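Trainee: Before anything else, here's the structure in question.
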Protein chains: 2
Amino acid sequence: MAKYQKIPEATIRRLSSYLKCLAELEGKDEKVVSSTQIAEICNVNAAQVRKDFAYFGEFGIRGMGYNVKQLKFNIKEILGINRIWHIAVVGIGNLGSALLVYKDFLKQNYQIVAAFDKDPVTVIGRISERMGKPVEILHVDRLKEVVKARNIEIGIITVPPQEAQKVANLLIDANIKGILNLSPVPVKTPPSVKLRNIFFTSALDSLVYYLSN
Amino acid sequence: MAKYQKIPEATIRRLSSYLKCLAELEGKDEKVVSSTQIAEICNVNAAQVRKDFAYFGEFGIRGMGYNVKQLKFNIKEILGINRIWHIAVVGIGNLGSALLVYKDFLKQNYQIVAAFDKDPVTVIGRISERMGKPVEILHVDRLKEVVKARNIEIGIITVPPQEAQKVANLLIDANIKGILNLSPVPVKTPPSVKLRNIFFTSALDSLVYYLSN
DNA sequence: TATTGTGAATTAATTCACAGCC
DNA sequence: GGCTGTGAATTAATTCACAATA
């Protein structure tokens, strides 16, 4: 898909945000959009928008702009989300169970096909009252087996900090392809397992820095 | 606090991650740490760690390293989190109610002192069964008044996409200082109101890009 | 001796500015 | 005429490499 060059990680993140913008425009039945409009909505420079696309090809029409539907399709193809990815959530505490019912998250390209906890019985009791059995909660011992059986490619870690690396190791051992770590501590993976550590509080910390300075 | 220069946003995010690392080391009773160790744990270059600190002062001892406790204190001071910040959560759906009980989040420097929804009665019924009245849920009409009364400086937006900008506008009108937007669409604020849009799925999208390529 | 702190060198990302094209 | 696509210019971030020093 990519032409030849190394693509900046920032470009990839922006592509994902352009996609949201395009989904909105599509909802408003807009057919065509210019780089200037996208830039305006996403708070970036218009040349940047064009350059981000240029890494992957020519998607626009000079003098006209971009076809919304087509551009959306192209970006999904670039990102690899023109299909459904199977996800497992490990750790069904507050955050984990929020994910299980987070519909916006499910709707597009991701499907949570398994949920694990080290104490499924307690957890099921706690969460079943507020959702109609969204997905069965399994004991974490079954992780490797189920990852294989259900073609799970991505694991989301939502366990307490002291368990995070252990769970990461289990996922790695289960031949997971990628890990999204939402626990409050960083985990390590070998180069073969792609990783994103998302620290919720980091965003707050950086916000607060700019509030204080 | 900062010497003179403009500080890269990336530096601020890393400071927040060094802080996590230091908290862990402190928990293990480590007294001293080197830039190389921090770099190793946080997956960055050691010179980068030193340079990040250098923007703000000299915190280490040549030949020795950094005093864990002291460095932790210094970073908290730099980030402005050497005190408690009052937060409001707007939109008590799944994600919002997860925040209300997300203890790791509360523990350090942030305190959720108000929660708003446009239908508090329904919401209270839904969530009260799984938590012991963590914080009263108020009607969003009372936002401005309560923000003022409780010295709330930060608002977290966890409403559905079509409501996000409206809520942002309410917060802006209530003279909030900063907004953390966890809804799936970007919102806009005037320059006087600092903003972070956190798109959960963007992290997944970028992870998937690197899995596909 | 070991490790910080930092100027210089390097690499990367962004923006400009305009040629190319519909 | 208006907007894309892109080489060149600029700006920013990272890393190197070593002098300073506890």
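The values are calculated or read from the model by the stated rules, or taken from the named source; none is laboratory data. Here the structure is a predicted model, which is why all the values come from computation and not from measurement. Note: ideal-geometry Cβ built from the backbone for every residue, glycine included; neighbour counts use all protein chains shown. Just so you know, the surface numbers come from the protein's heavy atoms only, side chains and all, with ligands and any DNA or RNA stripped out. Shrake-Rupley method; radii C 1.70, N 1.55, O 1.52, S 1.80 Å.
Trainee: Per residue of A:71-83, what is the mean number of Cβ atoms on other protein chains within 10 angstrom of that residue's Cβ?
Mentor: Values: counts 0, 0, 0, 0, 1, 1, 1, 4, 10, 8, 6, 1, 2.
Partner-chain Cβ atoms within 10 Å, mean over residues of A:71-83: 3.
Trainee: Provide the FRET efficiency to the nearest 0.05 for the residue B:188-residue B:77 pair, computing r from the beta carbons and using R0 = 25 Å. Show your work: numbers first, answer last.
Mentor: Numbers: r = 31 Å, r/R0 = 1.25.
Efficiency computed from Cβ-Cβ geometry: 0.20.
Trainee: First compute the accessible area of chain B with a 1.4 Å probe, then give the percent of it belonging to carbon and sulfur atoms. Let's see the in-between values first.
Mentor: Details: 5400 of 10230 Å².
Taking all protein chains in place, chain B shows 53 percent carbon and sulfur surface.
Trainee: What do you get for GluC sites (Glu not before Pro) in the stretch A:2-93 restricted to DSSP loop and a cutoff of at most 11 other Cβ within 10 Å of the site's Cβ?
Mentor: Working: sites: A:9, A:24, A:26, A:30, A:40, A:58, A:77; in loops: A:30, A:58.
Loop-located and lightly packed - A:58.
Trainee: Write down the percent of antiparallel bridges among all DSSP beta bridges whose residues are both part of the protein assembly as shown, to the nearest 5.
Mentor: Working: 6 of 48 bridges.
Expressed as a percentage, antiparallel bridges in the protein assembly as shown total about 10.
Trainee: Quick one: what are the phi-derived ³J(HN,Hα) couplings along the stretch A:85-98, Karplus 6.51/-1.76/1.60 with θ = phi - 60°, whole Hz, x for glycine and proline?
Mentor: Each residue's phi maps through the Karplus curve to give 9, 8, 10, 10, 9, 10, x, 9, x, 5, 5, x, 6, 4 Hz.
Trainee: Enumerate by residue number the chymotrypsin sites (Phe, Trp or Tyr not before Pro) in the stretch B:1-107 meeting two conditions: DSSP loop (anything except H, G, I, E, B), and at most 14 other Cβ atoms within 10 Å of the site's Cβ.
Mentor: Here the chymotrypsin sites (Phe, Trp or Tyr not before Pro) that fit, given the DSSP loop and packing criteria, are B:4.
Trainee: Would you mind checking A:76/B:177; A:72/B:177; B:76/B:118; A:69/A:144; A:20/A:194 for any pair whose Cα atoms are more than 30 angstrom apart? Numbers along the way, then the final one.
Mentor: Numbers: A:76/B:177 35 Å; A:72/B:177 34 Å; B:76/B:118 35 Å; A:69/A:144 39 Å; A:20/A:194 23 Å.
Pairs exceeding the cut-off: A:76/B:177; A:72/B:177; B:76/B:118; A:69/A:144.
Trainee: Return the average number of partner chain Cβ atoms within 10 angstrom of each residue Cβ along peptide B:16-27. Walk me through the intermediate numbers first.
Mentor: Details: counts 9, 6, 0, 4, 9, 2, 0, 3, 4, 0, 0, 2.
For peptide B:16-27, the averaged partner shielding equals 3.
Trainee: Pulled fully out, how much extra length does the chain show between residue A:59 and residue A:36, if you take 0.36 nm times their separation in residues and subtract their Cα-Cα distance? List each step's numbers first, then the result.
Mentor: On the way: separation 23, 0.36 × 23 = 8.28 nm, distance 1.48 nm.
Contour length minus the Cα-Cα distance gives 6.8 nm.
Trainee: On to the next question. If you take every DSSP beta bridge fully contained in chain A, what fraction is antiparallel? Give it as a percent rounded to 5. Each step should come with its number before you reach the end.
Mentor: Numbers: 3 of 24 bridges.
Once the DSSP bridges in chain A are tallied, antiparallel ones form about 10 percent.
Trainee: Rank these by accessible area, largest first, 1.4 Å probe: A:49, A:113.
Mentor: Values: A:49 0, A:113 30 Å².
So, going from the largest accessible area down, we get A:113, A:49.
Trainee: What does the average come to when, for each residue of peptide A:192-203, you count the partner chain Cβ atoms lying within 10 Å of its Cβ? Spell out each step's value before the answer.
Mentor: On the way: counts 0, 1, 6, 3, 6, 5, 6, 5, 9, 11, 11, 9.
Partner Cβ neighbours, averaged per residue: 6.
Trainee: Pairing the Cα long axis of helix B:9-27 with the longest principal axis of chain B, what angle in degrees results, from 0 to 90 and rounded to the nearest 10?
Mentor: 80 degrees
Trainee: Heavy atoms of the protein only, probe of 1.4 Å, neighbouring chains included. What is the accessible area of residue A:36 in Å², nearest 10?
Mentor: 90 Å²
Trainee: Right, here's the next one. Inverting the mean 1/r over all pairs of different Cα atoms, compute the Kirkwood radius of the protein assembly as shown and quote it in Å. List each step's numbers first, then the result.
Mentor: Values: mean 1/r = 0.0436 Å⁻¹.
23.0 Å is the Kirkwood radius here.
Trainee: Mind pulling the per residue volume of the convex hull built on the Cα atoms of chain A? Å³ is fine. Please list the in-between numbers first.
Mentor: On the way: hull volume 35.0 nm³, N = 213.
Given the Cα convex hull of chain A, per-residue volume reads 164 Å³.
Trainee: Still on this structure: Any idea what log10 I(q)/I(0) is at q = 0.14 Å⁻¹ for the stretch A:1-81, Debye with uniform C-alpha scatterers and no solvent?
Mentor: These q points yield log10 I(q)/I(0) values of -0.40.
Trainee: Rounded to the nearest 0.05, what FRET efficiency do residue B:135 and residue A:139 have when you use their Cβ-Cβ distance and R0 = 35 Å? Before the final figure, lay out the partial values.
Mentor: Values: r = 33 Å, r/R0 = 0.94.
It comes to 0.60.
Trainee: What's the ranking of A:160-169, A:177-186 by average number of surrounding C-beta atoms within 10 Å, highest first? Can you show the working numbers first?
Mentor: Numbers: A:160-169: 17.5, A:177-186: 21.9.
By packing density, highest mean first, the sequence is A:177-186, A:160-169.
Trainee: On to the next question. Give me Rg over Rh for the stretch B:130-213, both radii from the alpha carbons and Rh done the Kirkwood way, two decimal places. Intermediate values should be presented prior to the final figure.
Mentor: Working: Rg = 15.5 Å, Rh = 14.3 Å.
Result for the stretch B:130-213 is an Rg/Rh of 1.08.
Trainee: Simple spin-label model, 7 Å along Cα-to-Cβ: residue B:122 to residue B:29 in nm?
Mentor: Calculated label separation equals 5.4 nm.
Trainee: Once amide H atoms are built 1.01 Å from N in the peptide plane, which residues 5 or more positions from residue B:181, or in another chain, come under 5 Å H to H?
Mentor: For residue B:181, the qualifying residues are B:157, B:196, B:197, B:198.
Trainee: Are there trypsin sites (Lys or Arg not before Pro) in the stretch A:1-58 that DSSP puts in a loop and that have at most 15 other Cβ atoms within 10 Å, and which ones? Mind dumping the intermediate values first?
Mentor: On the way: sites: A:3, A:6, A:13, A:14, A:20, A:28, A:31, A:50, A:51; in loops: A:3, A:6, A:28, A:31.
Taking the stretch A:1-58 and a limit of 15 other Cβ atoms within 10 Å, the loop trypsin sites (Lys or Arg not before Pro) found are A:3, A:6, A:28, A:31.
Trainee: Give me the distance between the Cα centres of the stretch B:160-213 and the stretch A:136-213, rounded to whole Å.
Mentor: That distance is 22 Å.
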